[in-house]
Amino acid sequence: MIVLGIETSCDETAAGIVRRDADGAGTVLSNVVRAQLEDHAPYGGVVPEIAARAHVALLDRVVAEAVSQAGIPLADIDAVAATTGPGLVGGLMVGAMTGKAIAFAAGKPFVAVNHLEAHALTARLTDHVAFPYLLLLVSGGHTQILAVRGVGDYERWGTTIDDALGEAFDKTAKLLGLGHPGGPAVERAAASGDATRFTLPRPLIGRAGLDFSFAGLKTAVRLAAERAAPLSPADVADLCASFQATVAGIVAARARDALVRFRAETGVAEPVLVVAGGVAANGAIRSALQAAAAQAGGTFVAPPLALCGDNGVMVAWAGAERMALGLEDGLDVPVRARWPLDQRAVPVVGHGR
Ligand code: ATP
Ligand code: MG
Ligand code: FE
């Protein structure tokens, strides 16, 4: 089955095409992502109205490129998937309307995809990971630990009680004058920094449960920056390295605890820990999770960097997984600004491969 996926929930205008074979194996046929960085740069963050207008301006061309890169006629596509939530409503409407229009014109089914489900299922495309697995979702808007039992079957075990991890990276970068998006900028600066120079708090770590908190950490970075002011580039590098090492330690500690619970609840002897979302691109976080999984007797899977941030491939894949279970949607399906992953609006089906 070949599926076209469209992603417009935030500030990436993206389309991708994947093939899913009957045995569940996946192949990426094309991946086109246009980040709207310059459009939002003057404002230091994503402006919803600007994002929606940019999606309108860019999406037709992005979809056309995805189709031509895949080298197949549109007629060979079996279904069209688009992100219908959660995210910025204006952008979601642009992507959903475009996806529905293409599906209608081509006489193909439409699949409404939850953006978080698309992040969550990417590891099944790239690494053919079988259910159940443990997911650490770390992105611009979310920081969650979920047990993934099947398509549409997610149980949330932990979440952030304040900022998302990507947001913490972005705010730290802004504070240090590193620009937006902050994650890659902090990681670049951290590369030459001393991670042991600043001791930062690890909120909630050591306490029971699997929740996260990053707001206090952000404040601690601000106070440390104020004490060290005026900041030299070396100070900035040390602060970034200290921040990055601290959050890597936090997610690794939670991942270890979650793997213990996962093994106890599922009986799976060698559990798989999957990381997903934009922050999954971070090298320090990937190695900390790799080590945590090894310590807990599990294996670690991270998507390739190109599929960590928002993209159309993950939407196409989630669409293909849902199509394989007969889960297509009507053209009247609405977009949803808020849409928790553990409340998929469909019956729970699809365990095993
Ligand atoms: P959500 O998926 O929760 O709806 P989103 O789609 O905006 O939010 P993503 O695009 O998945 O989020 O991820 C973007 C986030 O990832 C940003 O906060 C960005 O700073 C962060 N990020 C990207 N690359 C890195 C990196 N190398 N290190 C740390 N953070 C990173
Ligand atoms: Mg983005
Ligand atoms: Fe995302």
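Only the coordinates and a few stated rules stand behind these numbers; no lab work does. No experiment lies behind these values; they were computed from the predicted model shown. Cβ placement follows ideal geometry from the backbone for every residue including glycine, while neighbour counts extend to all protein chains displayed.
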3J(HN,Hα) from dihedral phi, region 120-125, Karplus parametrisation 6.51/-1.76/1.60, rounded to Hz, x for glycine, proline: 5, 9, 4, 5, 6, 6
Amide N of region 195-211 lying under 18 Å from the label point, which is placed 7 angstrom from the Cα of Thr219 along Cα→Cβ: 199-205
Inter-part distance where region 259-313 and region 212-248 are each reduced to a Cα centre, Å: 25 Å
Net charge of Cβ neighbours under 10 Å - reference Glu12; Lys, Arg +1; Asp, Glu -1: -2
Coarse-grained scattering of the chain at q = 0.06, 0.09, 0.15 Å⁻¹, given as base-10 log I(q)/I(0) from a Debye sum over alpha-carbon atoms: -0.21, -0.48, -1.25
Cβ-defined net charge surrounding Thr266, 13 Å radius [Lys, Arg +1; Asp, Glu -1]: -1
Computed E for Glu38/Leu325 - FRET, C-beta separation, R0 25 angstrom, nearest 0.05: 0.05
Cα shape, region 33-161, gyration tensor, a/c 1.5 rule: oblate
Amide H contacts of Ser30 (H built 1.01 Å from N, under 5 Å, at least 5 apart or other chain): Ile17
At R0 = 41 Å, FRET efficiency that the Cβ-Cβ distance of Gln295 and Ala337 yields, to 0.05: 0.60
Per-pair calculated FRET efficiency, R0 = 30 Å: Ala208 and Leu305 via Cβ, rounded to 0.05: 0.30
Largest-first principal axis extents of the Cα set of region 1-87 (Å): 46, 24, 16
Part-to-part distance (alpha-carbon centres) for region 125-166 and region 74-93, which is given in Å: 21 Å
Counted charge near Thr159, where neighbours are those whose Cβ lies closer than 14 Å (Asp, Glu -1; Lys, Arg +1): -3
Distance between modelled label sites at Ala269 and Ser68, nm, 7 Å Cα→Cβ extension: 5.3 nm
